[in-house]
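All remarks here apply to the structure that follows.
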Amino acid sequence: MSVKTKWNIDFLDGLKRVKTNRVVVLYSSGIDSTATAILLKEQGYDVFPLFIHYGQSNSEVESKLADRGATHLGLNNVQKVDISNLVALCSSKLTGGEAMSAKEAWLPARNTLFLIFAGIYAQTIDADAISIGYGTYDNFVFGDNMLVHHQLAEVLLTLSLAREIEVVLPIKSMDKAEVIDIVRGHNMLDMTVSCWNAKWQDGEIIVCNQCANCVERNTNLAMEG
C-alpha cells in the first residue's frame with residue numbers, strides 16, 4: 001500500500017489547477033520594478049503589486065509612489081506588508097541610516113525573504129507566478145539578486161507550496177537604457193525613486209544625489225538625454 005503525505009496529495013492536486021494568469025510583483029517603485037510591472041501588464045497578466053516595508057529609510061517615498069504607479073497602470077491595489085522590525089536582526093544602513101555604497105546598503109537575504117513573501121501572497125490569491133525587477137546588470141552586486149538565485153527560488157517555492165509556481169523576470173535580458181525607455185514611454189519616471197535615502201518633504205521628494213543608486217540613475221538618465 002502506498003503512503004500519501006499531505007505534500008503528495010497537495011502536489012497532485014496542484015498539477016490539476018487551472019491557471020489564473022495572476023502574478024504577484026514585488027513593487028518598490030524603483031525603475032526596475034516599475035518596468036517589470038508595465039511589461040507584465042502588457043503581457044496580459046492580472047498584476048498584484050506587493051510592497052514590503054522592511055524599515056528602509058526611503059519607505060514613505062517608495063510607498064506613496066507605489067500607490068501612484070499602480071493606479072496609473074490600472075493594477076490591483078498595492079498589498080503592503082510591514083516587517084520593519086527586521087532592523088533588529090541586521091545592521092544595514094539601508095534601514096534607518098544613510099547608505100552611500102552597495103556595501104553599506106547590503107541587507108542579508110533581503111530578496112530571498114521578499115520572494116518568499118511574494119510566494120505566500122501568490123498562494124493566497126491563487127496566482128500562477130511571482131516577479132521581481134531583475135536585470136542582468138545587477139548580477140554579482142548582491143548574491144540574492146542574481147539569475148541563479150531567482151531560479152532556485154522558483155524551485156524552493158514549488159517545493160514549499162506543493163505546486164508549480166514560476167518566477168517571471170521580464171527585464172532580465174534588457175540593459176538599463178531599455179528599462180528606462182519603458183518607464184519613460186509610460187510617463188512614469190516621476191513615479192519612480194532610486195535614492196536609498198529619499199525623503200518626503202512638503203509634498204516633494206528629496207534625494208541625496210550621492211548614494212550609489214542616485215549616481216547610477218543620474219548617469220543613465222544623462223546618457224539617455
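The values are calculated or read from the model by the stated rules, or taken from the named source; none is laboratory data. Computed from a predicted structure; not experimentally measured. When we count neighbours, we look across all protein chains shown, and the Cβ atoms used for this are built from the backbone with ideal geometry, even at glycine. Protein only, heavy atoms only, side chains kept; ligands, DNA and RNA dropped before computing areas. Shrake-Rupley method; radii C 1.70, N 1.55, O 1.52, S 1.80 Å.
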Legend entry - Selected residue [within 21 Å of VAL61 (Cα to Cα) and surrounded by fewer than 19 Cβ atoms within 10 Å (Cβ to Cβ)] from GLN201, GLN151: GLN201
Inset, instruction - Could you please let me know if TRP200 is of a type in the set (Phe, Trp, Tyr), touching a Lys or Arg at 6+ places or on another chain (Cβ under 9 Å) and in a strand (DSSP E or B)? - result: yes
Inset, instruction - Test VAL47 against the stated conditions and say whether it is under 15 Å from ALA118 (Cβ atoms) and in contact with an Asp or Glu (Cβ under 6 Å, 6 or more places away or on another chain). - result: no
Inset, instruction - Just give me the residues in the range 170-185 being in a loop (DSSP other than H, G, I, E, B) and surrounded by 18 or more Cβ atoms within 10 Å (Cβ to Cβ), in sequence order. - result: PRO170, ILE171, MET174
Legend entry - Qualifying positions in the range 186-198 - under 23 Å from LEU115 (Cα atoms) and surrounded by fewer than 18 Cβ atoms within 10 Å (Cβ to Cβ): none
Inset, instruction - Answer with yes or no whether ILE165 is closer than 19 Å to ILE52 by Cβ, in contact with a strand residue (DSSP E or B) (Cβ under 9 Å, 6 or more places away or on another chain) and open to solvent by less than 20 Å² (accessible area, probe 1.4 Å). - result: yes
